[in-house]
Amino acid sequence: MSGKELLFTFKMEIYKYSPEQLRHIPKEDVWSIGQMYDHLILVAHEYLDNMETCAALNEEQPLGKTQSGKQLFKNGGFPPLKIRLPDEMNAPPNNSDTKEELIRRMEELIERVEQWETKVDSINPNYKVEHGGFGWLNAREWYELVEMHSRHHLRQKKELESYI
């Protein structure tokens, strides 16, 4: 499933939740479904921003991925583990969006992914932006990261649905 198809599936799933289900925080240090969506949307836009930066560069970057980055792309995705960021990077996502707001934000994200889908392969693969954990990534890799990150959250979504 492509990143765009996966995001469309996530969007369609929002319709099945009540407002209470979207905001329900089952226990301490566990996000609500709405918070998971907020995180998914924000991170995807961050990755697309980096892709856009790659497209605007005019200087090649000889450096590449870290060992973690190489492994991630070799495996085609994140390992089936819960990943906890350091506390300073781990502020709880927004939990106040309505169902309609989340749907609108997902539609905007999907539209942006579609816009870049046709441009990504025309961007010089040696124009790169650094990721804090994965090293220097080009536009294609940032684009693929949107799908990998979204797929990673399918497991979390299933777990969160078990609480409602």
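The values are calculated or read from the model by the stated rules, or taken from the named source; none is laboratory data. Here the structure is a predicted model, which means the values were calculated and not measured. With ideal geometry, Cβ positions are generated from the backbone for all residues, glycine too; neighbour counts draw on all protein chains shown. These area figures cover heavy atoms from the full protein model, side chains too; ligands, DNA and RNA do not enter into them. Shrake-Rupley method; radii C 1.70, N 1.55, O 1.52, S 1.80 Å.
Based on DSSP H segments of at least four residues, each scored -39500 (n - 2.57), the chain has a per-residue ellipticity at 222 nm of -18500 deg cm²/dmol. Taken one residue at a time, the phi angles of segment 91-100 give Karplus couplings (6.51, -1.76, 1.60, θ = phi - 60°) of 5, x, x, 4, 10, 10, 5, 6, 4, 4 Hz. Gly and Pro are set to x. Residue pairs exceeding 20 angstrom between C-alpha atoms, taken from K16/K158; K4/K70; K16/K99; K4/K128: K4/K70; K4/K128.
Shape analysis of segment 33-106 places it in the oblate category; the axes a ≥ b ≥ c from the Cα gyration tensor give an a/c of at least 1.5, with a/b not above b/c. Scalar couplings 3J(HN,Hα) for segment 119-135, obtained by applying the Karplus form with A = 6.51, B = -1.76, C = 1.60 to θ = phi - 60°, are 9, 4, 6, 8, 8, 3, x, 9, 8, 9, 10, 7, 9, x, x, 9, x Hz; x denotes Gly and Pro. Of the residues S150, Q71, G133, the one whose Cα sits farthest towards the positive end of the charge dipole of segment 1-153 is Q71 (charges of +1 on Lys and Arg Cβ, -1 on Asp and Glu Cβ, taken about the Cα centre). Distant-in-sequence amide contacts of T66, defined by a placed amide H-H separation under 5 Å and a gap of 5 or more residues or a different chain, comprise G135, W136. Placing dummy labels 7 Å off each Cα toward the beta-carbon, the span from N126 to E161 is 4.6 nm.
A 1.4 Å probe run over segment 41-124, with the rest of the protein chains in place, finds 65 Å² accessible per residue.
Nonpolar atom fraction for segment 118-164, defined as the carbon and sulfur part of the 1.4 Å probe accessible area, stands at 50 percent.
Of the GluC sites (Glu not before Pro) found in segment 1-98, those that fall in a DSSP loop while having at most 13 other beta-carbon atoms within 10 Å are E28, E59, E60.
Heavy atoms of the protein only, probe of 1.4 Å, neighbouring chains included. What is the accessible area of H131 in Å², nearest 10? That residue has around 40 Å² of solvent-accessible surface. Of all aspartates and glutamates in the structure, those lying under 16 Å Cα to Cα from K74, and not within fewer than 8 positions of it along the same chain, are E141, E144, E147. Shape verdict for segment 101-164, please, from the Cα gyration tensor: rounded (a/c under 1.5), prolate (a/b greater than b/c) or oblate. In terms of gyration-tensor shape, oblate.
In loop segments of segment 1-70 as defined by DSSP, the chymotrypsin sites (Phe, Trp or Tyr not before Pro) with at most 11 further C-beta atoms inside 10 Å of their C-beta are Y15. Using only alpha-carbon positions in the chain, the gyration tensor eigenvalues give semi-axes of 29, 18, 13 Å once each is multiplied by 5 and square-rooted (largest first). Sequence-ordered 3J(HN,Hα) estimates for segment 145-160 from the Karplus curve with 6.51, -1.76 and 1.60 and θ = phi - 60° stand at 5, 4, 5, 4, 5, 5, 4, 4, 7, 4, 5, 5, 4, 4, 5, 5 Hz, glycine and proline given as x.
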